[in-house]
Amino acid sequence: MLVWERPEPPDRPTPAPLSRDRIVGAAIRLADEDGLEAVSLRKVAAVLGVGPMRLYGYLATKEELLDLMVDAVHAEIRPSGDGWREVLRSLADATRRAAHRHEWFADLIGGRPHLGPHTLAGGEAVAAGLDGVGLDLAVPAIAAVNAYVVGAVRREITERRAERTTGMDKEQWQAAYGPYLMRTFATGRYPALAAVVRDGPHPDPDEAFRTGLDFLLDGIEARTPR
């Protein structure tokens, strides 16, 4: 029986009452502050002021805890809108905002399907919003948007982590490596790439995300029945 289906243990009169919601909340706070590597059953139990063995009445493994954490974040993702395009844009924007609030979330999405109640509720909202376009279009459209969001968000989070690790923001990185690129481009071996770097647009992350999403949605729209 999956963790979503198992009832919680009955309440016990203890100095530190427990519930899955309290356990998940403590784990999310640890992950938000110090990343997924900071999350263990022992550390979560310490935050809650209980022994680690008490947590096993509520979940069996750390993997179940991670599933519960992901589903809790999916409660923050509520796609909405009039028409399939607005629904898919809402899905993309809400997922990105959630990953920016919880960077560790980007490490756990995009793999096997998540089946918690909040995740399923979000999936229901998206599927209902695309009901009129037909399953042959809706299914690959949802998959394409999810794949785009996962890739874009992971890149953004990786860049944010790199800034913290190296202590260099984007401008500092460009100042450090720009002279090398200019010397390399001056050799004439990479003319097309040099033109892109020198003359191409360099949007900020928000604009880049919106533009890429518009390209994708335009492609989906081109396949919708007229």
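Each value in this text was obtained by applying a stated rule to the coordinates, not by laboratory testing. This one's a predicted model, so the numbers in the text were calculated from it and none came from an experiment. All Cβ positions, even for glycine, are placed from backbone atoms using ideal geometry, and neighbour counts span all protein chains on display.
Side notes on the structure shown:
- The packing ranking of peptides 81-90, 162-171, highest mean first, is 81-90, 162-171, where packing means the average number of other beta carbon atoms within 10 angstrom of each residue.
- Helix 84-101 and the longest principal axis of the Cα set of the chain meet at an angle near 70°.
- A simple spin-label model places the labels of residue 36 and residue 137 3.6 nm from each other, with each point 7 Å out along Cα-to-Cβ.
- Two-decimal ratio, the chain, of alpha-carbon radius of gyration to 2.2 N^0.38 Å: 1.28
- If R0 equals 30 Å, the separation of the Cβ atoms of residue 124 and residue 173 corresponds to a calculated FRET efficiency of about 0.10.
- When 187, 119 are arranged by Cβ crowding within 10 Å, least crowded first, meaning fewest neighbours, the order is 187, 119.
- Helix 20-34 axis, angle to the chain major axis (alpha carbon atoms, nearest 10°): 40
- Cα Rg, Dmax (largest Cα-Cα span) when computed across segment 20-73, Å: 9.7, 26
- Residue separation of residue 211 and residue 19 scaled by 0.36 nm, minus their Cα-Cα distance, works out to 64.8 nm of gained length.
- On Cα atoms only, tilt of 62-74 relative to the major axis of the chain in degrees: 60
- Taking N as its residue count, the alpha carbon Rg of segment 27-156 over 2.2 N^0.38 Å: 1.17
- GNM remark for the chain: springs join alpha carbons under 10 Å apart, and the peak mean-square fluctuation among 176, 27, 45 falls on 176.
- Each of 74, 100 has some number of other Cβ atoms within 10 Å of its Cβ, and from fewest to most they run 100, 74.
- Charge dipole (segment 112-226, unit charges on Cβ, about Cα centre) - positive-most of 118, 130, 162: 162
- Mean residue ellipticity, 222 nm, helices only, the chain: the sum of -39500 (n - 2.57) across DSSP H runs of n ≥ 4, divided by residue count and rounded to 500, is -21500 deg cm²/dmol.
- For segment 75-143 versus segment 18-54, the gap between their alpha-carbon centres in whole angstrom: 27
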